[in-house]
Structures are given as C-alpha cells and as structure tokens.
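Data first, discussion second: the structure below is written as structure tokens.
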Amino acid sequence: MSLRSVVPAGVLVEESRQDLTTTVFPAEEAGIAGAVPSRRAEFATTRLCARRALARLGFVASAIPVGPSRQPLLPPGIVGSLTHCDGYRGSALCRAQVVPALGVDVEPCRQLPADLRPVVARSDELTGPASTGPDDLDPALLLFSIKESVYKAWNPITGRWLGFHDVRVRTRWRGRRSGDFRADVLIARSAEPAGFDGRFAVQDALLFTAAWSTGGMATLCSTLSHSMSQTGYRAAAR
Ligand SMILES: CC(C)(COP(=O)(O)OP(=O)(O)OC[C@H]1O[C@@H](n2cnc3c(N)ncnc32)[C@H](O)[C@@H]1OP(=O)(O)O)[C@@H](O)C(=O)NCCC(=O)NCCS
C-alpha cells in the first residue's frame, strides 16, 4: 500500500522511502535558500518524484519553483501535491481533467500532542465514526492529515488560507486500515469549491491521506486561471 491506494484513478504517484541522488534546479533555489542539507535532500527528492510523474505525462524535466504560498508551481493544466515526512517522500499529479484540485499528505503514525487536539478538531469531529479506527492511529492525527490535504488542494486554487476550524470533516472507515471522508469548507465563497472528497489508509506506521475537489466547470476554470496567474511557471522554470 502507498499513496496510490488513496488517490483517484488517473492520478500518477511517484514515491521514495529514502533520499535519492538528484539536484535542486536553479529556479527552485530561492525556495530552499539557507536550508540545511537534510532539508535540501528532502526537497530535491520530492521534486524528483514529481518530475518522474511529469515525465509520464509527457513533460521534459524542468523546475518546480516554490510559489508565494509555498505551493509547488506545476505546469499549466497539471494539478497535484507533494509531501514528505520521516521515511517517505512522494508526489501525486494528474491532468486537471482528472480532478480539478488534489492535495496529499503522509504522516508517521503518532499521538498528536493533547494541546493540539482542540486546535485541529472542531468540537463534533472527535466523536462518533472518526474515533473508531485502529488502536495505532490517533483520530486527531487523522483529522490533522486530512485537513492538511484539503489545504494543499484548496490553496493553489483559491490563493486563500484555511484554518483548521474552517473545515468540517466526516470520516467513514471501510475496513480495519482505510476509509473515506467528506470535508466541507465552511468559509468557501460562491466560485470556490465548498467540499472535498478523499480517502485515507494506514500502513507500515504511516498515514496516507488524499483530498480532491469534485467541483464542476467553475472550479476547473478557476484552477487554471489561478495557477496561470501565479509568479509564472514557465518564466520561473527557465
Ligand atoms: C503547507 C502545509 C499544509 C504542509 O504540510 P506538512 O504536513 O507540514 O508538510 P508536507 O511534507 O506534507 O508537505 C510539504 C509540501 O507541501 C507543499 N505545499 C506547501 N505549501 C503549500 C500550499 N500553500 N499549497 C499546496 N501545497 C503546498 C510543498 O510542496 C511542500 O513541500 P516543499 O516545501 O518541499 O516544496 C503546512 O505546512 C501548512 O502551512 N499548514 C497550514 C495551513 C493548514 O494546514 N491549515 C489547516 C488546514 S484546513
């Protein structure tokens, strides 16, 4: 099992359990300036994963600069998301026709500190189905990861910040180790996606989550126009 088990059909996943030998492209340097070697290696490996997915989609290897909200600036018409944590680096990308927005997150299974639980979870989210998962998964960590995935799908479309309490999540377990969810964005404006679907799975002490918009044409148009209005993938990538 991997990120592949949680993304929609048609999304290309590339991943690695360790850092790989690769380089940071010149147009990416500004986004990683001053970082320690381990952070550079994580950044470069995750981008190598994304370039492998882009190659499968027909793109030549080029930079994936860091955008103004720190989002990865992908080629026009491509949506997707990068994630890394101890022991995992990965990317999930597709053409915008597959899904108009996609976010992914991977977290080592751990207890979220008690003081973070009310920060991450709305009052009704840690009761009922959200708390019926396996013993080795903290339900608050599941909510945290789902909301991170939602943010990574939401922010590149809208350019807007989301707080944890701006999203209400309902999870449904589909067996011992995986399930699906619906996330409603409570502050969505009329042209913005108000809901995301997603899946989650637990394996090898890692939690995988993916969130995607099922919005219609308005969302798709908004995705393309916003991503093309960013600092400019093509200009920055040269
Ligand atoms: C951006 C954020 C979601 C990253 O999550 P994380 O668990 O810390 O880290 P991950 O390894 O899973 O993901 C990091 C990658 O996310 C991507 N990312 C960063 N900002 C992003 C954004 N605004 N939109 C989409 N992707 C983004 C980057 O590719 C980054 O990797 P890189 O810096 O090497 O390029 C998190 O740091 C953050 O800023 N959260 C605040 C917003 C939020 O979560 N609100 C509540 C949710 S409702």
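The values are calculated or read from the model by the stated rules, or taken from the named source; none is laboratory data. Please read all numbers here as calculations on a predicted model, not as lab measurements. When we count neighbours, we look across all protein chains shown, and the Cβ atoms used for this are built from the backbone with ideal geometry, even at glycine.
Which residue out of VAL6, VAL60, VAL79, VAL36 is without any contact (Cβ under 8 Å) to a residue 24 or more places away in the chain and either touching a Phe, Trp or Tyr at 6+ places or on another chain (Cβ under 9 Å) or under 28 Å from CYS109 (Cβ atoms) (or both)? Show your work before the answer.
Working: VAL6 fails: without any contact (Cβ under 8 Å) to a residue 24 or more places away in the chain; VAL60 fails: either touching a Phe, Trp or Tyr at 6+ places or on another chain (Cβ under 9 Å) or under 28 Å from CYS109 (Cβ atoms) (or both); VAL79 fails: without any contact (Cβ under 8 Å) to a residue 24 or more places away in the chain.
Just a single option satisfies the conditions, and that option is VAL36.
Within the range 118-141, being crowded, with 19+ Cβ neighbours inside 10 Å, within 15 Å of the ligand (Cβ to nearest atom) and either among the basic types (Lys, Arg) or in contact (Cβ under 8 Å) with a residue 60 or more places away in the chain (or both) holds for one residue alone: LEU141. Checked against (1) more than 11 Å from the ligand (Cβ to nearest atom); (2) touching an Asp or Glu at 6+ places or on another chain (Cβ under 8 Å), PRO65 passes all but a single condition, namely (1). For the range 170-184, which residues satisfy the criterion of being within 16 Å of the chain's Cα centre (by Cα) and buried (at least 18 other Cβ atoms within 10 Å of the Cβ)? Across the range 170-184, the qualifying residues are PHE181, ALA183.
Looking at ARG174, ARG234, ARG160, ARG238, which one is among the charged types (D, E, K, R), modelled with pLDDT of 95 or more and more than 22 Å from CYS85 (Cβ to Cβ)?
On the way: ARG174 fails: modelled with pLDDT of 95 or more; ARG234 fails: modelled with pLDDT of 95 or more; ARG238 fails: modelled with pLDDT of 95 or more.
After ruling out the rest, the residue left standing is ARG160.
The residues in the range 182-194 that are closer than 18 Å to GLU125 by Cβ and away from the ligand (no atom under 13 Å from the Cβ) can be counted, and the count is 2.
Just checking, does the range 61-79 include any residue being within 18 Å of GLU148 (Cβ to Cβ) and among the small types (Gly, Ala, Ser)? Yes; the residues of the range 61-79 include at least one that is within 18 Å of GLU148 (Cβ to Cβ) and among the small types (Gly, Ala, Ser).
Residue count for the range 36-73 satisfying the condition of being assigned to a loop (DSSP other than H, G, I, E, B) and in contact with a Pro (Cβ under 9 Å, 6 or more places away or on another chain): 10. Here is the figure for the range 16-35: residues that are over 26 Å from PHE208 (Cα atoms), away from the ligand (no atom under 13 Å from the Cβ) and not in a helix (DSSP H, G or I) total 2. Residues considered: SER149, SER222, SER227. Of these, the only one that is modelled with pLDDT under 95, under 18 Å from the mean Cα position of the chain (by Cα) and crowded, with 18+ Cβ neighbours inside 10 Å is SER227.
Inside the range 37-62, can you point out the residues that are among the charged types (D, E, K, R) and within 12 Å of the ligand (Cβ to nearest atom)?
If the condition is that a residue be among the charged types (D, E, K, R) and within 12 Å of the ligand (Cβ to nearest atom), then ARG39, ARG40, GLU42, ARG47 are the ones that fit.
Restricting the range 89-117 to residues that are among the charged types (D, E, K, R) and not in a helix (DSSP H, G or I), which is surrounded by the most Cβ atoms within 10 Å (Cβ to Cβ)? The qualifying residue surrounded by the most Cβ atoms within 10 Å (Cβ to Cβ) is ASP105. Within the range 142-178, the residues that satisfy the criterion of being within 15 Å of ARG70 (Cβ to Cβ) and within 6 Å of the ligand (Cβ to nearest atom) are GLU148, TYR151, LYS152, ASN155, PRO156, LEU162.
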